[in-house]
There are 2 protein chains.
Amino acid sequence: MGSFHVGGRAVTVEGLPVTQQPPLAPGSLPARFDPNGRYLVEQMYVQYFVPEPLRGRVPLLLWHGGGMTGVNWETTPDGREGWLNLFLRWGWAVFNCDAVERGRSGWPALPVPLWEADPLSIPVEHAAERFRLDRPGSQFPREAMEQFGRQLVPRWVTTDEPALAAYLALLERTGPCVIVAHSQGGSFAFQAAQRRPDLVRALVALEPAATGDPKDAGRLRDVPVLLVYGDFIEDDPRWPEMRRRALAQADAVRHAGGQVDVVDLPAHGLRGNSHMLMMERNNREVAALVRRWLQARGLEQAPAPAGG
Amino acid sequence: MGSFHVGGRAVTVEGLPVTQQPPLAPGSLPARFDPNGRYLVEQMYVQYFVPEPLRGRVPLLLWHGGGMTGVNWETTPDGREGWLNLFLRWGWAVFNCDAVERGRSGWPALPVPLWEADPLSIPVEHAAERFRLDRPGSQFPREAMEQFGRQLVPRWVTTDEPALAAYLALLERTGPCVIVAHSQGGSFAFQAAQRRPDLVRALVALEPAATGDPKDAGRLRDVPVLLVYGDFIEDDPRWPEMRRRALAQADAVRHAGGQVDVVDLPAHGLRGNSHMLMMERNNREVAALVRRWLQARGLEQAPAPAGG
């Protein structure tokens, strides 16, 4: 296990005055503060784990959704094992990252802001509504809503381009892989797979916010895709149309000779899932469904025979 | 292994207008944005690992320094194993955290800022100077300076109080523990140990920015303390005085019946270390020195006898 930052660039700040900072810890000393120099920006934090025995034929990359971090895939808000642990137990090398400017990827507090517009935070109730966590019969562990709320981080809405660049840098670093992506991460995953289909052996998109450029559907011809949707889609103001657009893209990919499978969890007997399906009460069953799909694509080695 | 957020509080925002956001992903739909509601703030992210066999008698908590995150303890900038991995290999349960508002702890981008003053980022050259990475003969892997620069995150200078509160909440959650703290983390560790000496079996402070309240030195009477300093202290504008203050506090603790050991690494044959000594070329030797000190305090179980 280990971690690294990938991608990004340097920006240089010049000509600003040097000041004295008051002590930065009680009992410490004042410090000279010189804001001029090089800042590393738009990099992405990645933490990886390689289990033994290794059964996944390629690394599995977890890409979280907007306003959150890789913490989504770790322990669930109610304290159970998340998909990171589950896929590790199943023998997959897992790379879990924080998108550019989120979490441990860092963001630059420069004298002149690097990106247009201000970052946004959303309140817990708003997340609960937008992510369909508050519907009757939900699988979301509602007693842990505040623990989930602690996972939320600000998002800029003007960082898509550097975020995509860092994801592409990650693909180049890991080589051929499986991407499991959620929501905004799904949008990045489709765009990345369209740019580098040679590096994506399979793409699992959990309620993707978007599915890439329709004009380039054919570039996904050799990338098996699984689309997964939870429950309560029909009554939502946005998800019926977002799902419809994804299904249109799926048709276009199939038309170009590709393969897209669509799983609506309720049709598979998994009812009550929200947008945050990787952390809900039945998160193991949903993960197992994804794993079976990967196994059926030949991406997981069979275990060594007992006594062999 | 797993993770959680600890501490923090809720703040409520009211009376602001609801707006429409443009699509947050290309090809996605506009979304209603309601900033009113509860935000969870000032929590701290903690990731933990429990190895087998377990030999540390209590959990070991890693507290990073200012302007950085728990990533400091993971893979070194030049790609070697960090102290997180080393202490895990040695059989310690390790809890690695991001201080309040840093990294995965998140910060709230509220319409009215929560904290006074703006966050600060520092350029790489400034970090290199302040952390003494650029001295001739340095153990710092200078070829990896940019990878180190990617670890830097903004810091507010007005969040000491909620940061300390979250560290205290962590101590209550883990129970009795060893704290290994660096720089600003060292300042928090001394303050936390003075509040809850019953929960700190030992405190290892790597170049602490400060060493707690001199008036309360006696509260550290039953907490064995190790102070560790690197090289190039004498020529620095701040560190001779910061070290002198720590040694005065050490004297006061000893006077009250406590035990404080001070290790200047060059006096132990470990030359060339900067402020970032946990990630330098000889980081394993420095970690081993800390481990031997913990062993001498009876905090690590001997291995089971071979064949036993």
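A point 7 Å from Cα along Cα→Cβ stands in for A:ALA306, and the other copies hold the same point at 3.3 nm, listed in rising order. In chain A the longest region clear of GluC sites (Glu not before Pro) that are loop-assigned by DSSP and have at most 15 other C-beta atoms within 10 Å covers A:117-233. If you run the Gaussian network model on chain A, springs between alpha carbon atoms under 10 Å, then out of A:ASN273, A:ASN72, A:ASN85 the most flexible one is A:ASN85. Can you show me the helix-derived [θ] at 222 nm for the protein assembly as shown, built from DSSP H runs with n ≥ 4 at -39,500 (n - 2.57) apiece and divided by the number of residues, rounded to the nearest 500. Computed mean residue ellipticity for the protein assembly as shown: -7500 deg cm²/dmol.
A simple count of charges around A:GLY37, restricted to other residues whose Cβ falls under 14 Å of its Cβ and scoring Lys, Arg +1 and Asp, Glu -1, yields -3.
Approximating the spin labels as points 7 Å out from Cα along Cα→Cβ, the A:ARG292-to-B:VAL262 distance works out to 6.6 nm. Extension gain, B:ASP235 to B:THR12, is 75.4 nm, computed as 0.36 nm per intervening residue step minus the present C-alpha separation.
Quick check on the exposure proxy: order A:THR159, A:THR211, B:THR19 from fewest to most C-beta atoms within 10 angstrom.
If I rank by nearby Cβ atoms, fewest first, I get B:THR19, A:THR159, A:THR211.
Averaged over its residues, how many other protein chain Cβ atoms are within 10 Å of peptide B:105-118's Cβ atoms?
On the way: counts 5, 13, 5, 6, 9, 4, 2, 0, 0, 1, 0, 0, 0, 2.
Mean shielding by partner chains, rounded to a whole number: 3.
Residues in the stretch B:270-277 carry Karplus couplings, in order, of 9, 9, x, 7, 9, 5, 8, 5 Hz; the curve used is 6.51 cos²θ - 1.76 cosθ + 1.60 with θ = phi - 60°, and Gly or Pro positions show x.
Just need log10 I(q)/I(0) for the stretch A:124-210 at q = 0.15, 0.21, 0.23 Å⁻¹, Debye formula, equal scatterers on the alpha-carbon atoms, no solvent, rounded to two decimals. Cα-only, vacuum Debye calculation for the stretch A:124-210: -0.69, -1.00, -1.08. Between copies, the label points of A:GLY79, set 7 Å from Cα on the Cα→Cβ line, lie 4.1 nm apart, reported in increasing order to one decimal in nanometres. Summary for A:ARG284: label point 7 Å along Cα→Cβ; distances to the equivalent points in the other copies, ascending, 3.8 nm. Considering only Cα atoms, the convex hull volume of chain B works out to 170 Å³ per residue. Dimensions of the protein assembly as shown from C-alpha coordinates, computed as largest minus smallest value along each principal axis and given longest first, are 78, 65, 46 Å.
Electrostatic tally near A:ASP160: other residues with Cβ closer than 14 Å to its Cβ, Lys and Arg +1, Asp and Glu -1, net -2. Diffusion coefficient of the stretch A:108-155 by Stokes-Einstein, Kirkwood radius over Cα pairs, 4 °C, 1.567 mPa s: 102 µm²/s. Calculated on C-alpha atoms, the gyration radius of the stretch A:1-158 divided by its Kirkwood radius gives an Rg/Rh of 1.06.
Ellipsoid semi-axes for the stretch B:139-187, based on the Cα gyration tensor and the rule √(5λ), read 28, 16, 9 Å when sorted largest first.
Since every read-out is calculated from the coordinates, none of them should be taken as a lab result. Predicted model, so just to flag it, every value in this text is computed and none were measured. Glycine also receives a Cβ, built like all others from the backbone with ideal geometry; neighbour counts cover every protein chain displayed.
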